[in-house]
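Q: Next up is a structure, given as C-alpha cells.
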Amino acid sequence: MSSTVEGSDQAVIRTLIPARMDRLPWSRFHTRLVTALGVAWILDGLEITVASAVAGVLSTKQTLGMSSTAVGAIATVYLVGEVIGALFFGRLADALGRRNLFMVTLGVYLVGSGLSALTLGAGTGWVLYLYATRIVAGMGIGGEYAAINSAIDEMIPARYRGRVDIAVNGTYWGGAVLGTLGSLLLLNVLSESVGWRLGFLIGPVLAVVVLFVRRNLPESPRWLIMHGREAQAEATIREIEQDVAGSGHELSEPPKDAMLEIKPADRTGYLTLVRVLFSQYPGRSTLGATLMITQSFLYNAIFFTYTLVLTKFYGLKASAAPWYLIAFAVGNLLGPLTLGRLFDTLGRKKMIAGTYLISGVLLAVTAKLFEAGVLTALTQTLAWCVVFFFASCGASAAYLTVSEIFPLEVRAQAIAVFFAIAQCFGALGPVLYGHLIGSGHDPHMLFIGYLIGAGAMILGGLVEILLGVAAERLNLEAIAKPLSAIRTASASTSASVRTGTGVAGAHARS
C-alpha cells in the first residue's frame, strides 16, 4: 500500500503505513515489543537503587575504602553518563534507526555495568576506573530513553499509545523494588567484598536475556518510510500484519484518505531540532521543558533524600530504610499501572494537568503535617505513597508528551534534549533538600522545601492546562506533521481516530 511518484527532482512516496500500524488490534507482537523494549526503565531503576544500596559498604576497608564524597560522586557520574548517552545516541537513533540503537545502547549498558563489578582494588586509579564504568553504564541507559520511547510510540497503535507509555515509564519503580530486594539479599548474606560486585551484575544478567529477545524485533516502519526505504518498510509492515493475523485477529483496511505523501530528505541533526523547537513549536517546547523539569526536580529531591528524612527526623535505623523504599516504590508503580488507561480515554490534558495538580496539592498538605510533627516514619512513607501514586503518572506523562508532539525525524533527539535538561535541573533537588534537612532539628526549613516541590508540580499542571496537546488516539503524523511530509491524512481521518469511529479507530472503545 505504498507507491512512488517520480517528481522533477526527487521521488514522492505515497503510503498508508502509519495508518496500517494504527489500525492494528493489540496482539502478541505488541506484548513482545513492550516487554523487550520496556525493560530499559526497569534497568535504570535497578541501577540507581543498587548503586545507592552498595554506597555504604564501598567506604569500608574490606571493599574500596572510598571517602564519603567519592562514594556520593558515583551517582553523579552515572547521571552525567545518562545525559551524554541521551544526546549522543538520540542523534544516532534519528539518523540510523530505532532498532540499530536499541540494540547498541543495551549492549553499552551491559558492558559498563559489568565492568563496574570488576573494580579490583582501592586507590585513586581504581576509583577513576569505577567512575568511568558508571559513566558508560549511564550512557547506555540514557541512549535507551531516546531510542526506546521513539520505537514504542511509532509501533504501538494510537489508541493504546498513552497507557503503554505511561505504564512502561512507570516500571522504573519495579526496577527499584528488584534492586532493593537484590541488594538486601547480597549485602546481608554474602561478604561485603563479594555482595556489592554481584549487585552491579544483576542488571547485566537481565540485559543479556533481553538482547536475545530484542534481536527479533523489527525496525520502525514509520522511520523506514520517512527515510525513503520504501521496500524495507513495506516488507516490515507485512511481517507485522502477518504476525498479528496469526494471533487470530482480522485486519480491516485502513481508510484511503489516510494516505501520506512524503519526499524523504536528510532532515536529522540538532540544528534541525533547534529550528523545530524554537521556530515551529515554541509552545510545545515550553510545555515539554516545564513538565520534564518540574517532575525531575521533585523526584530527585525526594528520592535521593528520603533516607535522610527518615533517619534524622524520625530516628529510623539506616538498616530498616530499604523496606520503606519498597513501599514508596510500590506506590509509584501502582499509579501508572492503574491510571494509565485514562490518558487514552479521558485525554492527555485532563489527566496530565490533574496528576500534576493533585500531587502538588497533596504534597503541600503532607508538608504541613510534617511541620506539625504529627507524622511517623510509617505515616510519612504512606503519605509519600499517596502523593507519588499521582506524581508518578505525571512524570511518566512528561516523557510521553515530549515523545509524541514533535516530528518523527527529530523525535529521539527531542526526547534526549528534554531528558538532559530535566536531569540538569533535577540535580539541584538533592543538593537543596540535603541542605534544608541539615542536622534534622528544624522541620520548618524542610517544610519550605516541600512547598517548593509542591509549587513546581502545580506549575507543571497549570502549563499543561494552557499549552497541553490533546494527542489521545491521534496518529503521530496528525499530532506533528513529519518534516518530510507533503500531505498528511485528512482532518476527517484524524478525527475518526480520536473519537473511535471509522476503520482506524474501530477498536478505540473496546
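Q: How many residues, within region 20-49, are over 19 Å from residue 144 (Cα atoms), aliphatic (A, V, I, L, M) and in a helix (DSSP H, G or I)?
A: Within region 20-49, residues that are over 19 Å from residue 144 (Cα atoms), aliphatic (A, V, I, L, M) and in a helix (DSSP H, G or I) number 1.
Q: Next up: What pairs can you find where one residue is in region 4-25 and over 29 Å from residue 245 (Cβ atoms), the other is outside any loop (DSSP other than H, G, I, E, B) and modelled with pLDDT of 90 or more, and their Cβ atoms are less than 7 Å apart, with a gap of 6+ or different chains?
A: If the second residue must be outside any loop (DSSP other than H, G, I, E, B) and modelled with pLDDT of 90 or more, no pairs are left.
Q: Consider residue 261 carefully, then state whether it is acidic (Asp, Glu) and under 22 Å from the mean Cα position of the chain (by Cα).
A: In short, no.
Q: From the list 408, 432, 436, pick out the single residue that is out of contact with any Gly (no Cβ under 7 Å at 6 or more places or on another chain) and hydrophobic (A, V, I, L, M, F, W, C).
A: Going through 408, 432, 436 in turn, the sole match is 408.
Matching residues to (1) over 20 Å from residue 148 (Cβ atoms); (2) of a type outside the set (Lys, Arg); (3) in contact with a helix residue (DSSP H, G or I) (Cβ under 8 Å, 6 or more places away or on another chain):
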{"position": "189", "(1), (2), (3)": "yes, yes, yes"}
{"position": "192", "(1), (2), (3)": "yes, yes, no"}
{"position": "201", "(1), (2), (3)": "yes, yes, yes"}
{"position": "207", "(1), (2), (3)": "no, yes, yes"}
{"position": "215", "(1), (2), (3)": "no, no, yes"}
{"position": "238", "(1), (2), (3)": "yes, no, no"}
{"position": "241", "(1), (2), (3)": "yes, yes, yes"}
{"position": "246", "(1), (2), (3)": "yes, yes, no"}
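Q: Okay, next question. Please identify the pairs in which a residue from region 337-366 that is on the phi > 0 side of the Ramachandran plot has its Cβ atom under 8 Å from the Cβ atom of a residue that is surrounded by fewer than 22 Cβ atoms within 10 Å (Cβ to Cβ), counting only partners at least 6 apart or on another chain.
A: Within 8 Å, the pairs are 347/470.
Q: Could you figure out which of (1) closer than 28 Å to residue 384 by Cα; (2) surrounded by 14 or more Cβ atoms within 10 Å (Cβ to Cβ) isn't true of residue 319?
A: The failed condition is (2).
Q: Where in region 302-351 are the helices (runs of 4 or more DSSP H), entirely inside, with at least 2 residues that are closer than 12 Å to residue 393 by Cα and hydrophobic (A, V, I, L, M, F, W, C)?
A: Of the helices (runs of 4 or more DSSP H) lying wholly inside region 302-351, those with at least 2 residues that are closer than 12 Å to residue 393 by Cα and hydrophobic (A, V, I, L, M, F, W, C) span 321-339, 342-345.
Q: Any residue at all in region 168-178 that's surrounded by 18 or more Cβ atoms within 10 Å (Cβ to Cβ), of a type outside the set (A, V, I, L, M, F, W, C) and farther than 30 Å from residue 344 by Cα?
A: Checking region 168-178: not a single residue is surrounded by 18 or more Cβ atoms within 10 Å (Cβ to Cβ), of a type outside the set (A, V, I, L, M, F, W, C) and farther than 30 Å from residue 344 by Cα.
Q: Could I ask something else about it? Might you check whether a residue that is among the aliphatic types (A, V, I, L, M) and out of contact with any helix residue (DSSP H, G or I) (no Cβ under 9 Å at 6 or more places or on another chain) occurs anywhere in region 147-167?
A: no
The values are calculated or read from the model by the stated rules, or taken from the named source; none is laboratory data. No experiment lies behind these values; they were computed from the predicted model shown. Using ideal geometry, Cβ is built from the backbone for each residue, glycine included, and neighbour counts are taken over all protein chains shown.
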